[in-house]
Amino acid sequence: MMRLGLSCVLVFVGVFVYGCGGADDPGAGGSASATDSAGEGDVPDDCPAGLVACPGGCVDVSSDPEHCGGCGNDCGEGNTCNAGICTGGCAVGATQCGQDECVSVESDADHCGECGNACEDGQVCGNGECQGSCPDGTIQCGQDCADASSDPAHCGSCDEDCGAGQACDAGMCECADGLTACGQGCVDTSLDPDHCGGCGNDCEGGDCIDGACACPEGLEACDGECVDTQSDDDHCGACDNGCADLQACIEGACQCAPHLAECDGRCVNVDSDPDHCGECGNGCAGPCGGGECQDSCDGFPDSCGDSCTNTDDDPFHCGECGEACDGDQLCADGECREYALAPCRSCPCEACEEECCEPDAVGAAVCLDGDECP
């Protein structure tokens, strides 16, 4: 038999906002914190999104223990408000006494009517009062007298306790209104990012809003994924705006990869391109090397057609002539290595798991998959 306590059930409950019971209680859904804990007073004419107008001020009915789930619904001593339900981490209708004990003060002989009020030997607790025998309509469980149809500690029979977020309804432990049973817990599928819109639908780091996954601030939903359009090569500046080969997405715009320049819409190596030698449009009659037109490639490590280059670091001739790297690669030590722009402006950069390379034309350092920079 499972003992009723805070540690017996692990649940993840999203914020569920109930409306105040009347047409004159305006409110809007959200997850802002409660501002005014109000019992009596004027009802505000308007409240910020996420708060509800209750007598005395604007409150968050998802978490305010004096207005839990609706204006004036007081959770009482020992209880807290979680997802618009009075729980204190306990089943609905149970009260938290001490650090880790959930009890039904209607029936618990150690906490009869309130926490710590123990009945004397020979007495039982029924309807929140110590008395000589159990009242009609209750069952006796030791010194506890419980209404088995609704008692969260004796639901249906003695010692059948309900878990956090559950309520005892007609002798059965069920998820409270607005919550759904997912795995071992009760969750709000309208706001739970692990069960968004239904059990098991994981937002994978995104937020769950009204049962639909939404991306966190700064990210956009593209093809079902949350991406940063400021740096994503497949969605640069906008969804599905992919960068060309040897381009990188930098601050939302496709730019040539480090060590390359854009000339006539292409990314070129001005150090060795005979049509753009040293700068765009500067064509050579012969080969280009070191950013200057040359008579021959004598003195250069490698000659690839009219390009005087070094196949150790040329992304168009990496390792050997004609071997071009992919768009997400740089050439280092004669091998094409994957790279990513680092969040740092210069090296060293802790974000780089392997090699950090100083920037060239771009304004950020480069994280390279390897142990040597171009």
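Summary of values
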| read-out | value |
| --- | --- |
| Single residue of the range 190-221 satisfying the filter (touching a residue at least 60 places away in the same chain (Cβ under 8 Å) and over 14 Å from the mean Cα position of the chain (by Cα)) that is nearest to residue 176 (Cα to Cα) | 190 |
| Residue 232 vs. criteria modelled with pLDDT under 80, closer than 24 Å to residue 325 by Cα and either in a loop (DSSP other than H, G, I, E, B) or not β-branched (Val, Ile, Thr) (or both) | no |
| Filter result for the condition that a residue is charged (D, E, K, R) and touching an Asp or Glu at 6+ places or on another chain (Cβ under 7 Å), over 266, 337 | 337 |
| When residues of the range 57-66 are limited to those that are buried (at least 22 other Cβ atoms within 10 Å of the Cβ) and at pLDDT below 85, the one nearest to residue 114 (Cα to Cα) | 64 |
| Test result for residue 231, among the polar types (S, T, N, Q) and closer than 20 Å to residue 343 by Cα | yes |
| Which listed residue, of 203, 145, is closer than 30 Å to residue 220 by Cβ and in contact with a strand residue (DSSP E or B) (Cβ under 6 Å, 6 or more places away or on another chain) | 203 |
| Among the candidates 161, 169, 147, 194, residue that is in contact with a Gly (Cβ under 7 Å, 6 or more places away or on another chain), buried (at least 16 other Cβ atoms within 10 Å of the Cβ) and of a type in the set (Asp, Glu) | 147 |
| Positions within the range 342-361 being in contact (Cβ under 8 Å) with a residue 60 or more places away in the chain and in contact with a strand residue (DSSP E or B) (Cβ under 6 Å, 6 or more places away or on another chain), in sequence order | 357 |
| Flag if residue 212 is surrounded by fewer than 16 Cβ atoms within 10 Å (Cβ to Cβ), among the hydrophobic types (A, V, I, L, M, F, W, C), at pLDDT 85 or above and farther than 21 Å from residue 343 by Cα | no |
| Checking residue 239 against (1) in a loop (DSSP other than H, G, I, E, B); (2) hydrophobic (A, V, I, L, M, F, W, C); (3) more than 22 Å from the chain's Cα centre (by Cα), the condition it does not meet | (3) |
| Qualifying position, being modelled with pLDDT under 85, assigned to a loop (DSSP other than H, G, I, E, B) and surrounded by 24 or more Cβ atoms within 10 Å (Cβ to Cβ), among 90, 112 | 90 |
| Test result for residue 54, out of contact with any strand residue (DSSP E or B) (no Cβ under 8 Å at 6 or more places or on another chain), modelled with pLDDT of 75 or more, surrounded by 17 or more Cβ atoms within 10 Å (Cβ to Cβ) and farther than 24 Å from residue 186 by Cα | yes |
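The values are calculated or read from the model by the stated rules, or taken from the named source; none is laboratory data. None of these values were measured; they are calculated from a predicted model. All Cβ positions, glycine included, derive from the backbone under ideal geometry; neighbour counts span all protein chains shown.
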